[in-house]
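The values are calculated or read from the model by the stated rules, or taken from the named source; none is laboratory data. The structure presented is a predicted model; accordingly, all values stated were derived computationally and were not measured. With ideal geometry, Cβ positions are generated from the backbone for all residues, glycine too; neighbour counts draw on all protein chains shown.
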Amino acid sequence: GAPVFDKLEAELAKACMSLPASKGFEIGSGFGGTLLAGKDHNDEFYVDANGRTRTRSNRSGGVQGGISNGETIWVRVAFKPTSTIGQLQNTVTRDGKETELRGKGRHDPCVLPRAAPMVESMVAL
């Protein structure tokens, strides 16, 4: 089915995985959903009290068939810890010599304070 290449999930994943230190992306039930049987993961449609067509669980994360289904879009992005730290570390020079290195300069000890606004901004694009 179409769209094939420009699916909303793919665009969201591309945007979020382009963020510095991002290492994982899930939408809706994500990796946990892969552990469910199809009958348990099925997201039935119904008409709410206001006459709107909705899904009962939103396990799809607001996206079905590559497009938004009108529900809230739920994504999760995993970030790795900061690799530049102030502790002595083993490394190898460009000349292939083993040496030690201690990170210097201004480096964030944790990317988390910046992660949430960056993800929100990328998803809003």
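Starting from residues that are polar (S, T, N, Q) and farther than 18 Å from Lys80 by Cα, keep the ones in segment 1-56 and report whichever is surrounded by the most Cβ atoms within 10 Å (Cβ to Cβ). Across segment 1-56, the extreme among qualifying residues is Ser29.
I'm checking my understanding of the structure. Among residues of segment 87-108 that are surrounded by 11 or more Cβ atoms within 10 Å (Cβ to Cβ) and not hydrophobic (A, V, I, L, M, F, W, C), which one is farthest from Ala15 (Cα to Cα)? Full working, then the answer.
Of all residues in segment 87-108, those surrounded by 11 or more Cβ atoms within 10 Å (Cβ to Cβ) come to 89, 101, 103, 107-108.
From the residues that got through so far, the ones that are not hydrophobic (A, V, I, L, M, F, W, C) too are 89, 103, 107-108.
Values: Gln89: 32, Gly103: 29, His107: 23, Asp108: 22 Å.
Per the criteria, the residue is Gln89.
Screening the candidates Glu44, Glu71 for the property of being farther than 30 Å from Pro113 by Cβ and either over 15 Å from the mean Cα position of the chain (by Cα) or modelled with pLDDT under 95 (or both) yields one hit, Glu44.
Pairs are defined by a Cβ separation below 9 Å, a sequence spacing of at least 6 or placement on different chains, a first member in segment 82-97 that is at pLDDT below 95, and a second member that is aliphatic (A, V, I, L, M) and assigned to a loop (DSSP other than H, G, I, E, B); the pairs so defined are Thr82/Ala21; Thr82/Val111; Ser83/Ala21.
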